Each structure stands twice: as C-alpha cells, then as structure tokens.
Amino acid sequence: MIPGQWLTEGGQSATGALIDHVIFAHAAAAPLKAEAKRQRTTIYALLNERLAALAKTQRAPFPAALTRDVHLQPDFHGNRSPRADPTLRGVISGLALSATADDLARLYLAAIQAVAYGTRHIIEAMNKKGYAIDTLLMCGGGTKNPVFLREHADITGCRLVLPEEPEAVLLGSAVLGAVASGEHATVLGAMQVMNRAGRVILPQRGAVARFHTAKYRVFQRMHADFLAHRRLMAGA
C-alpha cells in the first residue's frame, strides 16, 4: 500500500501452487522431471514443447483447442474472489483411462486455462461495479511461461503489458531503497522513474475467442454443478 492511494483487491486462492499440484500429482510427472533435469531445462518448458507438438500432430486449429474435452474447476483451495467461499473444491472433467505425458500436457494446459478463467471472472465482477479493465500489468514467475501469458491474454481479452525489468520484487525493493536513501522523494516518484513497460501481448480474436467463451461457460457451469451436488448430498 502507498500512503494516499487506494486499491481494489481480487485474487485467487491458488494459481502457481494449483498448476504445480496438477503436474506433480500426475503419474507422468516423475519421468518428465528427470528428462528436464537431463536436458537442463524445466518441466514447464517440456510440457510447453509437448503441447506445441500435439497441436501439430492432431491438427488442432490452435493450441488451446487441445482441451476441448478437458475442463478444470480451480477451487481446490476454496475461492478467494469473487465468490469468497473457502469451502469450495476443485473438479476435473474429461479424464481418460491413461496417464501419459500427453495426458499430463493437456491437463497442465487445462489448469493454466482455469486460472485464467478465474482471472476473467474477477475482472468481470469488477467491471460490473464500474471498472473498465482492458489491460493487465503482469509480473512474477508466470511471466516466464509463454503458454501462461498467451492463455491469459486470449481468455481475458485484455492486452498484457510486461515490465522491462522481469524481477518485480527486486525492483520494488530498489524503489523503496531509493526513497529511503533520499534519491527520490516519494515512492510514486521513484516508481515513475525506475519502472518501464516492456513487451505487450494482444489477445487473439475470432475462433480463439469463441472457443474460450464456450469454455468459460463450462467453467461457470462446473461451479453450479458442484453446488448442485452439494445440495443433493446435504440430506445424506
């Protein structure tokens, strides 16, 4: 918080932790992690490569379409915003009787999309209350993952702006240090001088947008179905 300023807070109970849980709870994760170590890369990079290869071999119209039949409701740790219900739980739909690396890649993509649908839900809730959010300033570990960024742009319909300096926490510390040392008089003044926008990612329209609109309806329906299941079990 900056003195004299205000903010509206909206966040999800689990994002990176949810994606990691989906990955590392899967049977294919251990061999894929070992392969990533041999290649001196990350399991996320290997999964991204596998998604790109799957999109080509299966002639998907676009990579996101690989999850047409795989849907994930992300409230594994409850819902922080906008439903504010810690009792909610997650749901996965579309599992097959296999646990290959390709299956994991699709589930990983569905998890990323679910996080982005949660972001879209928060933005819609804010916009209904008078905001007009059409741009997201991105920072943190997710900015290093091109699939995470692509899905967030396409699903929210917002343009993404990445900072020129990728290490946001270190930059924030430097801003506070600059004010404490007297280099800058105020935090806002230091931010304006030391922080600059970098790459911009624009959302895709057309078929991609229509696909995500349909999957967003599934996202909302899965929540409604979860509550319906709870009601059915209430008297058991």
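The values are calculated or read from the model by the stated rules, or taken from the named source; none is laboratory data. Predicted, not measured: the structure shown is a model, and the values here were computed from it. Don't worry about glycine lacking a Cβ; one is built from the backbone with ideal geometry, like all the others, and counts go over all protein chains shown.
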Revision key, fill the gap. By my count, helices (runs of 4 or more DSSP H) wholly in the range 123-236 with at least 2 residues that are more than 25 Å from ILE92 (Cβ to Cβ) and in contact with a helix residue (DSSP H, G or I) (Cβ under 9 Å, 6 or more places away or on another chain) are 168-180, 187-194
Study note, to complete from the structure: Per the filter on the range 66-90, residues surrounded by fewer than 18 Cβ atoms within 10 Å (Cβ to Cβ) and closer than 18 Å to ALA110 by Cβ are ARG68, ASP69, HIS77, ARG89
Practice item. Out of LEU176, LEU137, LEU170, report the one residue that is within 15 Å of the chain's Cα centre (by Cα), of a type outside the set (Val, Ile, Thr), over 24 Å from PRO63 (Cβ atoms) and surrounded by fewer than 20 Cβ atoms within 10 Å (Cβ to Cβ). Key: LEU137
**Study point:** Members of the range 14-26 that are part of a loop (DSSP other than H, G, I, E, B) and either touching an Asp or Glu at 6+ places or on another chain (Cβ under 7 Å) or exposed (fewer than 13 other Cβ atoms within 10 Å of the Cβ) (or both)
**Key:** ALA25
Check your understanding: Given ARG150, ARG159, which one is exposed (fewer than 15 other Cβ atoms within 10 Å of the Cβ), under 24 Å from ASP134 (Cβ atoms) and not acidic (Asp, Glu)?
Key -> ARG159
Exercise for review: Take the residues in the range 10-28 that are of a type outside the set (Ser, Thr, Tyr) and under 14 Å from ASN79 (Cβ atoms), then tell me which one is modelled with the lowest pLDDT.
Suggested key: GLY10
Review point. In the range 52-97, which residues are more than 24 Å from ILE123 (Cα to Cα) and assigned to a strand (DSSP E or B)?
Key: SER93
Revision key, fill the gap. Being among the basic types (Lys, Arg), in contact (Cβ under 8 Å) with a residue 24 or more places away in the chain and under 20 Å from ALA110 (Cα atoms) narrows ARG159, ARG221, ARG196, ARG120 down to just ARG120
Point to revise | Any pair with Cβ under 7 angstrom, 6 or more apart, that starts in the range 62-78 at a residue that is within 19 Å of GLN12 (Cβ to Cβ) and ends at one that is in a loop (DSSP other than H, G, I, E, B) and among the aliphatic types (A, V, I, L, M) | key: ASP75/LEU88; PHE76/ALA14; HIS77/ALA14; GLY78/LEU88
Exercise for review: Could you tell me whether any residue of the range 165-188 is at pLDDT below 95 and under 23 Å from ARG106 (Cβ atoms)?
Suggested key: no
